[in-house]
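Engineer: One structure coming up, written as structure tokens, with questions to follow.
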Amino acid sequence: MEPYFTAPLIIIEVIFSAMVLSALKNASTGKRVKKTLMFTLGIVLTLWLVSDYLMLSNGFFSATGFPQIAFATALATPIILGLLAQKFWQPFTSAISNMSTANFLALQQMRAVFGVMFFFTASIPVWFQFIGGIGDIAAGIGAVFALRSFRKHPDKERQAIIKGNMMGILDFVIVLNLGLFVVLRNESPDIMFDLIPLYVVPIFILLHIFSLQRLGSLNSQKIDNKREASHENI
């Protein structure tokens, strides 16, 4: 079960979870709302991580008889729940809308840390270690440069969003498809390495989605500014 790998991975995931919660807390308004949001999300993330760990420890996915489908379902479910929470849970909706592009890019930098973790496990094929690890490291570094550029040129937010998300999304498209349709065809999904795709990947995918949604907001603001300018000129 690679305890030397599992323990550091869980610690890093807990740290990353705390970073996400901190960003949401800072984006929230009102003490009561902050407490409700932090308490609820803290419980949800804890239960989610513990559930993933228990499923992998007990060979849940292999026991289903259709591990690829079960694994894909477990990966997609948190993403769907996160999108539903954004739509229907006001404290979460407000916090996400108040998060800045700098917040999203700062969290995306952690991709590089999880990319390094690919090279500390012997439970996945070597070729997949290189593709997934280098891809995540590149995504994290891309977010670093995008954030640095955005801080120097805050007027170029659209470019920062696109650059900061492009590499990460491309990496997920490649790695998730290879993982589901190539690696899991011959390998068991019940390994502790899979705490990364089951727990961390859905969070990063949601961060990509929420970050890209800001492009729509920026477009709307641009249109509104043009309309105001045209009215002033009349």
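Engineer: Can you tell me which residue in the stretch 56-76 is surrounded by the fewest Cβ atoms within 10 Å (Cβ to Cβ), limited to those that are under 20 Å from residue 204 (Cβ atoms) and among the hydrophobic types (A, V, I, L, M, F, W, C)?
Structural biologist: 76
Engineer: Which members of the stretch 37-95 meet the condition of being of a type outside the set (Phe, Trp, Tyr) and in a loop (DSSP other than H, G, I, E, B)?
Structural biologist: The answer is 58, 59, 64, 65.
Engineer: How many residues does the stretch 27-45 hold that are without any contact (Cβ under 8 Å) to a residue 40 or more places away in the chain and closer than 22 Å to residue 109 by Cα?
Structural biologist: Of the residues in that region, 2 qualify.
Engineer: To continue, here is another question. So which of 139, 122 is at pLDDT 95 or above and within 22 Å of residue 13 (Cβ to Cβ)?
Structural biologist: 139
Engineer: Which one is surrounded by the fewest Cβ atoms within 10 Å (Cβ to Cβ), of the residues in the stretch 158-170 that are out of contact with any His (no Cβ under 8 Å at 6 or more places or on another chain) and touching a residue at least 60 places away in the same chain (Cβ under 8 Å)?
Structural biologist: 158
Engineer: Among the residues of the stretch 96-116, which ones are buried (at least 20 other Cβ atoms within 10 Å of the Cβ), touching a Gly at 6+ places or on another chain (Cβ under 9 Å) and part of a helix (DSSP H, G or I)?
Structural biologist: 101, 104, 105, 108, 111, 114, 115
Engineer: Go through the stretch 1-18 and count every residue that is in a helix (DSSP H, G or I) and loosely packed, with under 14 Cβ neighbours inside 10 Å.
Structural biologist: Residues that pass the stated criteria total 8.
Engineer: Now for a separate question. Please indicate, with yes or no, whether at least one residue in the stretch 128-149 is more than 19 Å from residue 20 (Cβ to Cβ), β-branched (Val, Ile, Thr) and free of Cβ contacts under 8 Å to residues at least 24 places away in the same chain.
Structural biologist: yes
Engineer: While we're on this one: Which condition does residue 79 not pass, out of (1) surrounded by fewer than 18 Cβ atoms within 10 Å (Cβ to Cβ); (2) farther than 30 Å from residue 138 by Cα; (3) touching a helix residue (DSSP H, G or I) at 6+ places or on another chain (Cβ under 6 Å), if it passes all the others?
Structural biologist: Every condition holds for residue 79 apart from (2).
The values are calculated or read from the model by the stated rules, or taken from the named source; none is laboratory data. Given the structure is predicted, the values throughout are model-derived calculations rather than measurements. All Cβ positions, glycine included, derive from the backbone under ideal geometry; neighbour counts span all protein chains shown.
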